[in-house]
Structure formats: C-alpha cells, structure tokens
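This report refers to the structure that appears directly beneath it.
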Amino acid sequence: MRDAHWHPVTAETGHVAQGRARMRILDPDVTLDEYELKQADVYFVPRASPHHIEVFGDDAFRFLIFFDQPTPGDIGYRTTATAFSREVMASTLGVDEGSLPDFPFTTAEPLIVARKNPAPPAREA
C-alpha cells in the first residue's frame with residue numbers, strides 16, 4: 001500500500017475503519033515490530049521510526065491517520081534511493097552496481113490519498 005517511509009519529527013497514530021493489513025515498524029535497536037491490523041484497531045508509530053503498511057487480500061483497507069504536527073515531514077526509501085550515487089547504493093546493499101535497477105528520480109514520495117485538509121487562511125500583510 002505504501003512504500004517504507006518515516007516522519008523525522010512527527011509521530012503517527014491511525015484508526016482502521018475497514019479491512020486487514022500488516023504494519024511493520026523498525027525500532028531504534030534494529031528490531032522489527034510486526035502487527036496485524038483489522039477493523040477498529042488503533043496503531044501508533046513513534047517519531048522517526050521507519051514503517052509501512054501492507055494490505056492483506058483484495059478487500060479495501062481504509063484508515064484514518066493522525067499526526068502530532070500540522071505538516072508531517074515524510075521521507076521514503078524511494079526518495080532515498082535517488083539521493084545517493086549508484087556506487088554508494090551498491091556498496092550499502094552489498095551488490096554489484098550493474099545489478100541495481102534503474103531507480104526513478106523522485107523528489108517527493110507519492111501519497112495514496114491526496115491531502116483534503118483545508119489550507120490555513122492567508123495572512124494579510
């Protein structure tokens with residue numbers, strides 16, 4: 001559903017309205033927490049914790065996401081892959097540079113759902 005990503009200065013809380021999914025969260029001690037989410041569940045992702053949600057099956061998965069900041073920063077692995085040289089990425093992943101895919105250049109992570117929050121009113125000078 002969503003590429004692995006993290007919010008550098010933002011915690012995330014969510015409420016599952018419909019469907020089933022798996023959430024994985026990478027802890028600072030490099031352990032991996034894995035949860036199965038289902039309708040009526042609530043989850044929490046601490047600030048700067050890499051995470052992703054993977055939908056089970058073909059049924060719709062709908063959830064509400066809440067952040068503790070008005071504009072959550074969002075850094076994903078797709079953007080990260082295009083920020084570094086192919087030589088660095090190959091060395092980091094322990095593979096030959098020629099075996100890397102052509103990572104698409106991405107300056108912003110794609111969101112599944114467009115922002116629907118009203119924009120704050122403009123201030124008059």
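No lab work stands behind these numbers, since they all come straight from the coordinates. The shown structure was predicted, so the numbers you read here are calculated from the model rather than taken from an experiment. No Cβ is skipped: glycine too gets one built from the backbone with ideal geometry, and neighbour counts run over all protein chains shown.
Observations on the model:
- Full extension of the chain between ARG2 and ASP27 yields a length gain of 7.2 nm, computed as 0.36 nm times the residue separation minus the alpha carbon distance.
- Amide H contacts under 5 Å for ALA4: TYR77, restricted to partners 5 or more places along the chain or on a different chain, H placed in the peptide plane at 1.01 Å from N.
- Cα-based Rg of region 1-72 normalised by 2.2 N^0.38 Å, two decimals: 1.06
- Working from Cα pairs under 8 Å separated by at least six residues, relative contact order for region 1-83 is 46 percent.
- Protection proxy ranking of 52-65, 71-84, 23-36 - average other beta-carbon atoms within 10 Å, highest first: 71-84, 52-65, 23-36
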